[in-house]
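The values are calculated or read from the model by the stated rules, or taken from the named source; none is laboratory data. Please read these numbers as outputs of a predicted model, since none were measured by experiment. Glycine gets a Cβ as well: all are built from the backbone with ideal geometry, and neighbour counts include every protein chain shown. Quick note on the areas: whole protein, heavy atoms, side chains included, nothing else; ligands and nucleic acids left out. Shrake-Rupley method; radii C 1.70, N 1.55, O 1.52, S 1.80 Å.
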Amino acid sequence: MALNRICFVAGKNFSKLRVSALPSRCFSQSAVRLNDMKDPEGIKEPYIPPYQEKLDEPVRMKKARLIYQSRKRGMSENGLLLSTFAAKYLENMDEKSLQDYDRLINLPSNDWDIFYWATGVKPTPPEFDNEIMNRLKEHVSNKDRESRLHQPALY
């Protein structure tokens, strides 16, 4: 008997497949909170809470949080790009740059967007087209051919 499951793979809903045919990243319908919004194809997406900027956060705590969030992206490509970027630049960022970086890694609901903007596959939207994004694009281009096979060590 096929259980009622919802699976999201590459933005597609596979809820009508048998459980044995589903990939491992599937969730029972009761465990996934779905948005009321539907994409153009009518497929519901998992609920992502809206980003709330942390005002009056001490700079030291903000940097620690951004280092963690740069490392734990949910996709290895961004984990490598953003963790090496944060290790190289975060310590010397001023308050405005920290705010821009915080918005960059937390506002887009899809990590692939960040990846495509940083690699130049898609144009960067105006709200993220700033000095931090330019620095990230330069970092991603890796003109010095640095080895970036692993995330930097935490100290």
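Numbers for the structure displayed
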| read-out | value |
| --- | --- |
| Given (1) over 24 Å from Ser147 (Cβ atoms); (2) at pLDDT 95 or above, index of the condition Phe85 fails | (1) |
| Helices (runs of 4 or more DSSP H) contained in the stretch 49-114 and holding at least 1 residues closer than 20 Å to Pro152 by Cα and open to solvent by 30 Å² or more (accessible area, probe 1.4 Å) | 59-71, 76-89 |
| Test: residue in the stretch 115-128 that is of a type in the set (Ser, Thr, Tyr), closer than 22 Å to Met75 by Cβ, assigned to a loop (DSSP other than H, G, I, E, B) and at pLDDT below 95 | no |
| All positions within the stretch 79-94 that are over 16 Å from the mean Cα position of the chain (by Cα) and in contact (Cβ under 8 Å) with a residue 60 or more places away in the chain | Ala87 |
| Residue satisfying condition, being out of contact with any Gly (no Cβ under 7 Å at 6 or more places or on another chain), within 15 Å of Ala118 (Cβ to Cβ) and in contact (Cβ under 8 Å) with a residue 12 or more places away in the chain, within set Ser76, Ser70, Ser97 | Ser70 |
